[in-house]
Every structure is written in C-alpha cells, then in structure tokens.
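Enquirer: Can you read through this structure? Questions will come right after.
Since every read-out is calculated from the coordinates, none of them should be taken as a lab result. On a predicted model such as this, the values are computed, not experimentally measured, just so you know.
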Amino acid sequence: MATVIGQFCGAGAAIFFNLKKNPDIQISFRGFRPSGEAIRRIYVVGLPSIAMQCVGSVMTFFMNQILMAFSATAVAVFGAYFKIQSFVFMPIFGLNNGMVPIISYNYGARDPRRVKKRPSSWPSPTPSASCSSASVCSSLHPACC
C-alpha cells in the first residue's frame with residue numbers, strides 16, 4: 001500500500017514541478033492518438049520482464065500454500081529468507097540498472113566502441129557484491145552457512 005501511495009506522490013510531484021517550474025516541457029494531449037503499433041512494440045520489449053515478475057509472484061504464492069500445510073512458522077521463515085535474498089541481490093540489480101542506460105546511450109549515439117568497452121570502474125563488481133552480502137548475512141547468524 002505504501003509503495004502505491006509513494007508512486008502516486010512521486011508522479012504527482014513530477015507532473016506539478018514539470019508543468020509549473022520547467023518551461024522546457026509543455027504537455028498537451030491535443031491531437032494525441034494511441035498507436036497500436038507503438039503499444040505492441042512496447043509490450044514486445046517488456047514482455048520478458050512482465051513474465052519474470054509474474055513467475056516470481058506465482059512461485060511465492062504457491063510456495064506459501066505448500067508451506068501452510070506444515071505451519072505458519074514455515075511461511076514466516078520463507079518470508080524472511082525471501083527478504084534476505086532480495087537484500088543480497090539488490091546491489092547486483094542496481095549495477096545492472098546503472099549500466100543499461102549508459103550502454104543504451106552509447107548504442108543510440110552509434111558508438112560501438114563505447115558499447116563494447118567495459119568501463120574500468122566495473123572490473124566485475126557482481127562477485128564482490130555477492131560475496132560481501134553473503135558474508136554480512138552469515139555473520140548475522142552462523143547457521144546460515
């Protein structure tokens with residue numbers, strides 16, 4: 001619930017400040033007609049991400065149903081595990097989300113040299129992020145190893 005409220009507040013603030021304080025952006029729906037082809041292309045690109053989100057939610061739902069046959073404690077433990085797993089993978093997803101716009105910009109600028117070049121500040125941060133997250137989690141409770 002808080003996420004939805006936060007999204008609406010953020011969208012409202014963005015619309016307000018862009019309409020009132022940013023003279024470079026003029027939003028007008030006059031003459032706007034949705035294009036079926038554009039909508040189709042958006043969904044073609046977004047469909048794998050939609051499917052991955054659905055698989056995760058459906059898997060969690062069914063896992064909770066299975067665990068409820070054992071006890072509510074099993075469901076709580078699975079929920080805690082899921083939160084810790086999210087914490088471990090968060091830096092990795094953040095690195096990915098930071099790299100994609102940079103690579104996309106260079107691809108759009110038709111600069112294949114910079115698209116293929118891996119920046120020196122990214123030697124391979126994923127293993128170090130994974131190992132540091134795992135060590136933090138295991139130091140919280142030795143039985144996690």
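Enquirer: Can you tell me which lysines have their Cα less than 23 Å from the Cα of Lys21? Leave out same-chain residues fewer than eight positions away.
Expert: none
Enquirer: Hey, what do the phi angles of the range 106-111 turn into as Karplus ³J(HN,Hα) couplings, whole Hz, using 6.51/-1.76/1.60 and θ = phi - 60°, x for Gly and Pro?
Expert: 5, 5, x, 7, 6, 10
Enquirer: Name the shape class, rounded, prolate or oblate, that the alpha-carbon gyration tensor gives for the range 1-79, where a ≥ b ≥ c are the square roots of its eigenvalues, rounded holds for a/c under 1.5, and otherwise prolate holds if a/b is larger than b/c and oblate otherwise. Each step should come with its number before you reach the end.
Expert: On the way: a/c = 4.92, a/b = 1.93, b/c = 2.55.
Oblate, because a/c is 1.5 or more while a/b does not exceed b/c.
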